[in-house]
Amino acid sequence: MIKAGIIGSTGYAGAEIVRLLTAHPEAEIVWYGSRSYIDQNYADIYQNMFRLVDAKCMDDNMEELAAQADVIFTATPQGLCASLVNDEVLTKTKIIDLSADFRLKDISVYEKWYKIEHKAPQYIKEAVYGLCEINRESIKDARIVANPGCFTTCSILTAYPLVKEGLIDPDTLIVDALSGVSGAGRGAKVANLYCEVNESCKPYGVAVHRHTPEIEEQLGYAAGREITISFTPHLVPMNRGILATEYATLTKVNGKLPDKETIRAAYEKYYAKENFIRLLADGVYPETRWVETSNYVDIGFKIDERTGRIVMMGALDNLVKGAAGQAVQNMNLMFGLDEKTGLNLVPCFP
């Protein structure tokens, strides 16, 4: 039985890890960390856990936690995990960090976009980017896994096969992504109040959103060179979900643009055996409602012959595949389990 500790268990992503691990057949939670609710009953904070979780919230003492847990999930703001991790901790336990502390390999890029000093640069090189469908083998032997964000998971997976196969020009890639309000976290913010969000849709972080360099770095590995994209997120009045609509110019192959059979073959080359990626039929496009509360990513595409571009679309649940589900998938890989363990979640509708 894997002993798991969670620092940040009362945020939305942390609570989703609790939900998933509570039903996981090979894991048990030994530490419900929450700086805001120390000594309070976890089930008093999340009443859905009444009679399911009989434990109090604890602090974020990672060194004490490392002595008790085989794996620590850090579902915390940027900077905290890097400030707590050290050699002694890593000799005792594994870390799955849901923040951005170890996602970017260039520390100067991290500090520029997140505007904080990195507290543990010595671990950047060894940390593995935890996008299971792409880095599966590296994740298995990792001590530190940088769990990707929700926008980035959806944006990268939607375009990855076409970038990898050279079927699109990645420097022409434009990503318009929509997110449910839970993506902003549980903290009280005026911009996320019901009256501020309901009956509205708005772009934010225009041209400066900090997930941009993460998408560029990972798709740059697929392209074999540095790339530059345009990424614009939008907030929509729903609890859960990410929908990414991506546009790029097609690249000619043997003097002609790829047709839909070529595009589909590229997706199937990388995703046909992937349990959690569902490539939709022609003319069927992703909707967030069909992936809600699940670890699935639905992907569709449409070639725009008039412009010589392709429209790629992806949808996922930002709290599951975009955060907690992916973290549990990473845990499964790190401990030699079938990565589907505890994650065979049927999407909930309505």
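Bear in mind these aren't lab numbers, they're just calculated from the coordinates by the rules spelled out. Quick caveat, the model's predicted, so the values are computed rather than measured. No Cβ is skipped: glycine too gets one built from the backbone with ideal geometry, and neighbour counts run over all protein chains shown.
Structure notes:
- Scattering curve values for the range 235-350, log₁₀ I(q)/I(0), Debye with Cα scatterers, q = 0.14, 0.15 Å⁻¹: -0.66, -0.74
- Extended-chain gain in nm, criterion 0.36 nm per residue less alpha-carbon gap, E126 and I174: 14.2 nm
- The radius of gyration of the Cα set in the range 2-126, together with its Dmax, comes out at 14.8, 47 angstrom.
- Build a GNM of the chain with springs between Cα atoms under 10 Å apart, and of S83, S230, S179 the one that fluctuates most is S83.
- Segment A281..N192, full-extension length gain: 28.5 nm, with 0.36 nm per residue of separation and the alpha-carbon distance subtracted.
- Hydrodynamic estimate: the Kirkwood radius of the chain over Cα pairs, inserted into Stokes-Einstein at 4 °C and 1.567 mPa s, corresponds to D of 63 µm²/s.
- Among the listed pairs K140/K164; K125/K164; K115/K273; K112/K164; K115/K321, those whose Cα-Cα separation exceeds 32 Å are K115/K273.
- Distance between the range 190-225 and the range 43-78 - C-alpha centres, whole angstrom: 29
- Extent along principal axes [Cα atoms of the range 151-318; Å; largest to smallest]: 54, 30, 29
- A crude spin-label estimate for the pair K340 and A67, with each label 7 Å from Cα along the Cβ direction, gives 4.1 nm.
- Three principal axis extents of the range 91-192 based on alpha-carbon atoms, in descending order, are 43, 42, 24 Å.
- Candidates V30, V18, V175: whichever shows maximal mean-square fluctuation once the chain is modelled as a Gaussian network with Cα springs under 10 Å: V30
- Protection-proxy order for peptides 43-53, 196-206, 86-96, each taking the mean of Cβ atoms within 10 Å per residue, highest first: 86-96, 43-53, 196-206
- On the beta carbon distance between K256 and K202, with R0 = 51 Å, the FRET formula returns roughly 0.80.
- Electrostatic tally near G79: other residues with Cβ closer than 12 Å to its Cβ, Lys and Arg +1, Asp and Glu -1, net -2.
- Label sites at F349 and A55, each approximated as a point 7 angstrom past Cα along Cα to Cβ, lie 3.4 nm apart.
- Distance from the range 135-152 to the range 300-340 (C-alpha centre basis), Å: 13
- Positive minus negative residues near A184 (Lys, Arg vs Asp, Glu; Cβ under 14 Å): +4
- Electrostatic bookkeeping for N135 treats Lys and Arg as +1 and Asp and Glu as -1; over the other residues with beta carbon under 14 Å from its beta carbon, the sum is -3.
- Loop trypsin sites (Lys or Arg not before Pro), the range 228-286 (other Cβ atoms within 10 Å of the site Cβ: 11 or fewer; DSSP): K252, K273
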